[in-house]
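Right, one structure below, let's go through it.
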Amino acid sequence: MEISPQSFRFRTLIEILGKPKEHVETTIRGFIDKIRDDHEYILLSERYAECTQHENLWSTYAELEVVAKDITKLISFCFEYMPASLEIIKPDNFTMENHIITGFLNDLQGRLHNVDMIVKKLRAENDVLKRNMKTTIENLITLLLKINSMKVGELSSYTGINEDELKIFLNDMINKNKISILEERYSFKNE
């Protein structure tokens with residue numbers, strides 16, 4: 001690619017978050033190598049930040065200066081590499097033909113619809129997993145209490161669920177009249 005009057009020069013930040021630290025450091029360098037090898041762009045400079053820890057995850061970023069052939073390639077860079085930020089350095093002013101902005105907006109809408117579909121699918125799967133987990137825990141509690149009445153600590157040791165979280169299930173099962181409590185001991189209710 002050659003730099004021309006239609007070219008766009010820009011600064012951008014690429015961020016990576018994950019663990020372990022070595023993986024994050026390797027991944028950002030590999031990601032920047034991918035940009036460097038992409039013949040649609042010229043990578044003018046790169047500067048890497050130190051990897052820092054945030055709770056149990058590591059993050060780093062690279063500040064790049066890049067040249068794109070035209071506005072279409074600049075927009076493609078945003079979709080392809082998902083930079084954290086972007087600042088156009090040159091040109092100072094530019095005009096955009098309506099078919100370019102139309103294409104950009106249609107690509108954006110397509111990607112937004114795709115993301116929306118993925119989120120809705122994941123939400124539905126999450127709801128099913130939550131319902132199934134709740135049923136499994138209630139079934140386990142029922143089986144344990146059919147064997148013997150127990151205190152919450154005993155149930156916690158058998159289920160592996162901490163007492164405070166387990167009490168939520170126990171209270172719900174009491175409200176549904178599936179189990180009862182007497183003197184801090186939970187029992188299965190025979191119907």
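The values are calculated or read from the model by the stated rules, or taken from the named source; none is laboratory data. What you are looking at is a predicted structure, and each value in this text was computed from that prediction instead of being measured. Cβ coordinates were reconstructed from backbone atoms using ideal geometry, including for glycine residues, and neighbour counts include every protein chain displayed.
A few notes on this one:
Residue-wise test of (1) modelled with pLDDT of 95 or more; (2) farther than 16 Å from GLU184 by Cα; (3) of a type outside the set (Ser, Thr, Tyr).
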{"position": "ASN132", "(1), (2), (3)": "yes, yes, yes"}
{"position": "LYS146", "(1), (2), (3)": "no, yes, yes"}
{"position": "MET150", "(1), (2), (3)": "no, no, yes"}
{"position": "THR159", "(1), (2), (3)": "no, yes, no"}
{"position": "GLU163", "(1), (2), (3)": "no, no, yes"}
{"position": "PHE169", "(1), (2), (3)": "no, no, yes"}
{"position": "MET173", "(1), (2), (3)": "no, no, yes"}
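- The residue list LEU182, LEU144, LEU155, LEU140 contains one member that is in contact with a Ser or Thr (Cβ under 7 Å, 6 or more places away or on another chain), over 30 Å from SER76 (Cα atoms) and of a type outside the set (D, E, K, R), which is LEU140.
- Candidate set from the range 1-42 (those that are polar (S, T, N, Q) and at pLDDT 90 or above); member that is nearest to LEU74 (Cα to Cα): THR12
- The numbered conditions (1) among the charged types (D, E, K, R); (2) touching a helix residue (DSSP H, G or I) at 6+ places or on another chain (Cβ under 9 Å); (3) at pLDDT below 90 are all true for LYS90 except (2).
- Residue list for the range 173-191, filter: under 37 Å from the mean Cα position of the chain (by Cα) and in contact (Cβ under 8 Å) with a residue 24 or more places away in the chain: MET173
- Among the residues of the range 149-172, those that are surrounded by 16 or more Cβ atoms within 10 Å (Cβ to Cβ) and either small (Gly, Ala, Ser) or over 37 Å from the mean Cα position of the chain (by Cα) (or both) comprise SER149, MET150, SER156.
- Taken across the range 54-77, residues that are in a strand (DSSP E or B) and loosely packed, with under 13 Cβ neighbours inside 10 Å do occur, with at least one present.
- Yes/no for GLU15 being among the charged types (D, E, K, R), under 20 Å from the mean Cα position of the chain (by Cα) and in a helix (DSSP H, G or I): no
- Flag for ARG131 being under 30 Å from SER76 (Cα atoms) and surrounded by fewer than 12 Cβ atoms within 10 Å (Cβ to Cβ): no
- Condition check for HIS113: surrounded by 10 or more Cβ atoms within 10 Å (Cβ to Cβ) and in a helix (DSSP H, G or I): yes
- All positions within the range 35-52 that are in contact with a Ser or Thr (Cβ under 8 Å, 6 or more places away or on another chain), over 15 Å from PRO83 (Cα atoms) and in a strand (DSSP E or B): THR52
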